[in-house]
Amino acid sequence: MRKTILSAVALFMSMAATAQITETPEGEMLTNMEWQSKGFKPDYSTGQTSTFTETGAIAHVVKNGNDFYIQDPISQYKKGVWIKGTLSEDGTQVVFNTPQMFTTENGYTFYYYRMVQSGTKLAIGESTDLVFSYDGEKLVQTDGGYLAVATLQGQIAGYVDYNITIQPIGEECATPPTDSEMLTYKMTYEGQGAEQSKTVNVAFSGTDVYIANPTGVEGSWIKGTLDGDKIVCPNSQFLGADESFGHYVYFKAAKGTIEMVEIPGYGTFPVNNISLTNDESVTFTYNADDRSFSTEQLFLVNDAKDKLGNNYLDYAKATYTTFAEVAATPANPSMTSFHDIIDGYGFGMFLIDMPNQDVDGNYINQDNMYYNLYIDDKQIALPNGETNIPYAYVDGDFFMQVSGTAHTFKYYDPVNEKVGFQTFYKVGDEVNQSELVWYYIKNESDAIASVDGNKQVVSTEYFDLTGKRLAAPATKGLFIQKTTYSDGTQRTVKTAK
């Protein structure tokens with residue numbers, strides 16, 4: 001009898017549940033909205049529960065008349081799915097009827113479902129409405145329930161959020177005046193355990209200096225004051241929304257390092273020893289003759305204002321020098337690691353080093369670089385059909401990731417013979433390209449990447465399994481040895497010590 005009743009409830013709910021909303025709804029996108037909530041993930045098989053507090057997350061809210069839409073209302077799931085609610089007649093509440101469709105995976109459909117506490121578990125309550133108070137700016141959950149990902153029958157299938165508040169962030173980014181002197185700089189720094197370079201803009205307006213956020217977020221600036229031979233940048237500056245982090249980010253003074261540590265039997269991996277400091281500012285030494293500046297202080301772009309965030313990028317020993325871009329031929333990319341499809345995971349991966357240097361070893365602007373990628377005889381295209389892949393392109397499914405010059409790719413179908421890659425550098429209307437380098441898949445000890453020519457050893461380089469360059473071969477564990485010959489051919493071997 002109970003099973004029959006539950007089946008009837010599920011049938012009724014399935015008829016009432018709304019269709020999945022993945023397209024951004026029409027209406028006004030409320031800007032600079034922050035998400036705050038508490039949450040947990042129950043594991044009824046073990047009785048353990050992991051908890052979290054979410055602050056500073058980017059909230060995407062659209063208002064269209066009396067209709068409200070919230071994207072990704074479970075804070076730990078970022079799938080671009082919206083739920084729809086309705087503003088009350090008196091304009092003081094927004095009500096989201098649940099269940100509303102979340103996703104379908106492995107033949108099962110899951111929903112956003114407002115639930116209540118029932119003993120030690122969550123269950124479907126008499127009301128399934130998710131209710132927020134609304135004062136014209138701020139949304140505060142008032143129904144006392146929990147928003148969960150669940151089946152129609154109420155079986156929890158993941159994370160749960162509650163005590164949800166969505167409100168304006170209340171901070172603004174520094175912005176250089178339109179009449180500022182804008183210059184292009186090369187920024188060199190140590191980050192994520194390796195030396196890296198990139199191109200950034202710097203604006204000068206009187207004694208005010210604006211340094212573009214090195215993560216590349218458009219319209220995000222670190223503001224400093226030029227005082228003699230110093231540029232002083234106050235700590236904890238608001239840098240706006242970083243969609244790649246899913247959070248608002250801040251300029252933070254820090255200390256410590258990310259060190260590459262050998263783990264016997266496995267290789268070399270980064271270990272984080274970074275913490276925030278109470279320094280009032282980060283100070284750069286400024287050279288008026290060539291307009292370069294640098295600092296010995298470590299700073300971060302951090303996804304939290306008052307603590308070390310879950311996501312941040314570190315910049316140590318940062319040096320800025322003016323940069324004049326000229327046409328050049330990019331150096332050849334190279335395969336630094338190739339791994340077959342892993343049993344139980346269903347994918348393999350390979351790492352390609354794409355130098356942001358020309359054939360003479362000079363820095364080139366990776367913002368104007370792109371690449372072509374081939375697996376066997378098929379050229380790889382982005383979802384929009386584009387085959388010229390931007391140098392810094394990453395995707396939300398982590399099929400393509402970038403760390404410095406190291407590009408990581410996952411693949412799901414077997415590579416039968418070879419992988420090909422070629423980089424391009426465009427300055428104005430002029431495009432120059434590297435050689436098209438082919439990496440032939442034979443076996444790990446006899447895999448050769450080649451272009452035409454004669455062979456003599458020119459250089460030998462070493463990398464860990466993540467593609468980070470090593471100063472010398474690891475004394476223990478696994479590492480990659482790459483030998484380059486005078487004709488451009490390269491031999492890549494995985495070595496264990």
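With K and R counted +1 and D and E -1, the other residues having a Cβ less than 14 Å from that of Lys307 yield a net charge of -1. Computed log10 I(q)/I(0) for the stretch 51-165 at 0.19, 0.20 Å⁻¹: -1.03, -1.14, from the Debye equation with unit scatterers placed on every C-alpha and solvent omitted. Estimated translational diffusion coefficient (Stokes-Einstein, Kirkwood radius over Cα pairs, 37 °C, 0.692 mPa s) of the stretch 316-365: 236 µm² per second.
In this structure, the residue pairs whose Cα-Cα separation is over 30 Å, taken from Lys186/Lys255; Lys138/Lys198; Lys138/Lys230, are Lys138/Lys198; Lys138/Lys230. Largest first, the extents of the alpha carbon coordinates of the stretch 103-159 on the three principal axes equal 41, 27, 18 Å.
Label-to-label distance, Asp229 versus Asp208, with points set 7 angstrom from Cα along the beta-carbon direction: 2.7 nm. The listed residues Leu436, Leu152, once ranked by accessible area (1.4 Å probe) with the largest placed first, stand as Leu436, Leu152. Taking the charge dipole of the stretch 304-370 about its Cα centre, with +1 at Lys and Arg Cβ atoms and -1 at Asp and Glu Cβ atoms, the residue from Leu308, Thr329, Asn368 reaching farthest to the positive side is Leu308.
The accessible area of Lys307, taken with all protein chains in place and a 1.4 Å probe, comes to roughly 110 Å². Taking all protein chains together and rolling a 1.4 Å probe, Glu195 ends up with roughly 140 Å² accessible.
Among Glu190, Glu461, what's the order by accessible area (1.4 angstrom probe), most exposed first?
Details: Glu190 80, Glu461 45 Å².
Descending order: Glu190, Glu461.
Working note: Karplus 6.51/-1.76/1.60 with θ = phi - 60° gives the stretch 231-237 the couplings 10, 9, 10, x, 5, 6, 6 Hz, where Gly and Pro are set to x.
What number, in nm² with one decimal, is the all-direction average of the projected area of the convex hull of the alpha-carbon atoms of the stretch 228-352? Don't skip to the answer; put the middle values down first.
On the way: hull surface 49.3 nm².
Average of the hull's projected areas for the stretch 228-352 equals 12.3 nm².
Suppose we look only past 25 Å in the calculated P(r) of the stretch 109-217. What percent of the Cα-Cα pairs does that tail hold? Looking at the stretch 109-217, the distances longer than 25 Å represent 56 percent of pairs. Measuring with a 1.4 angstrom probe and ignoring ligands and nucleic acids, Arg114 comes out at about 20 Å² accessible. Centroid-to-centroid, using Cα positions, the stretch 92-127 and the stretch 160-183 are 32 Å apart.
The values are calculated or read from the model by the stated rules, or taken from the named source; none is laboratory data. Just so you know, these numbers come straight off a predicted model, no measurement behind them. FYI the Cβ positions are ideal-geometry reconstructions off the backbone, even for glycines, and counts take in every protein chain you see. Protein only, heavy atoms only, side chains kept; ligands, DNA and RNA dropped before computing areas. Shrake-Rupley method; radii C 1.70, N 1.55, O 1.52, S 1.80 Å.
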